[in-house]
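Chemist: Can you read through this structure? Questions will come right after.
Derivation of every value follows stated rules applied to the coordinates shown; laboratory data play no part. Computed from a predicted structure; not experimentally measured. Cβ: placed from backbone, ideal geometry, glycine included. Neighbour counts: every protein chain shown.
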Amino acid sequence: MKRLLDGGLREGVALWTAVTALLGGLYWVGQAGLAVVEAHLPEAAALLFWGVPVLLSDRRREDLRALGWRAPTGRDVAWGLGAIAVVLPLFVVGYAWWNGVLGKLPHAPLVMHEQPILFPLTQLIVVAAPEELFYRGFLLDRLTRRFPGGLRIAGVTIGPAFWLTAALFGLGHFLVDLRPGRLAVFFPSTLFALLRLRTGGLFAGVVFHAACNVTIDACWRSLLR
């Protein structure tokens, strides 16, 4: 067991456990009636997801660029926008089919969030960027140190670190509020990781992640609400 948990795996799993436990505790404190905690849980999550990689990198004098945190390139932008253009229309159709409202899709008016500018910016800055830095930056890096190999497909190595990161992303969401449906984020997590590995940076995954969240909200408002 000690051998299994050597190198980056021990550190990655330990910090993931601590962050997830803390967020779960804050969630249930908020549910118990402490409204201020419930209202600011997203900011607390962002602070933790930002803080862990930044503080560790600063303490060890490591460059955050090694975790994919760098200025976006034209290639990053192209991959991010390409993923949005290809995947999200298919997701909308799948969402409508899964919820039994496929026939409603061609005629349903598009209903966006009541804060059409602030909400996407929040998803980009407070949700997607911190989660990508923690999961596809820090955690994927630590797990890859322990499990560096994998199957090479189209210039991307897909191995144990890839799948473990996606599994911990899904499990981390589930363990906060114990809603089984949260485990489904495992699937988009694999796409976020593919973008990270294909581009070498986090930007494409951040943009695509935020766009996914905005699209899911719009689907719910337009088709189910």
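Chemist: Of (1) closer than 30 Å to Gly12 by Cα; (2) over 22 Å from the mean Cα position of the chain (by Cα), Trp97 satisfies all except one. Which?
Modeler: For Trp97, the exception is condition (1).
Chemist: Something else about it: Report, by residue number, each residue of the stretch 184-225 that is part of a helix (DSSP H, G or I), under 25 Å from Ile153 (Cβ atoms) and of a type in the set (A, V, I, L, M).
Modeler: Result: Ala184, Val185, Leu191, Ala193, Leu194, Leu195, Leu197, Ala204, Val206, Val207, Ala211.
Chemist: Name the residues in the stretch 113-150 that are in contact with a Gly (Cβ under 6 Å, 6 or more places away or on another chain) and within 11 Å of Leu202 (Cβ to Cβ), would you?
Modeler: Passing the criteria: Glu132, Arg136, Gly137.
Chemist: Confirm whether Thr144 is farther than 19 Å from Leu22 by Cβ, in contact with a helix residue (DSSP H, G or I) (Cβ under 6 Å, 6 or more places away or on another chain) and either free of Cβ contacts under 8 Å to residues at least 24 places away in the same chain or polar (S, T, N, Q) (or both).
Modeler: yes
Chemist: Taking the stated definitions as given, is Pro53 within 17 Å of the chain's Cα centre (by Cα), surrounded by fewer than 16 Cβ atoms within 10 Å (Cβ to Cβ) and touching a residue at least 24 places away in the same chain (Cβ under 8 Å)?
Modeler: Considered against the rule, which asks whether it is within 17 Å of the chain's Cα centre (by Cα), surrounded by fewer than 16 Cβ atoms within 10 Å (Cβ to Cβ) and touching a residue at least 24 places away in the same chain (Cβ under 8 Å), Pro53 comes out as no.
Chemist: Another one. Name every residue in the stretch 109-150 that is of a type in the set (Val, Ile, Thr) and within 20 Å of His173 (Cβ to Cβ), in order of residue number.
Modeler: Thr122, Ile125, Val126, Val127
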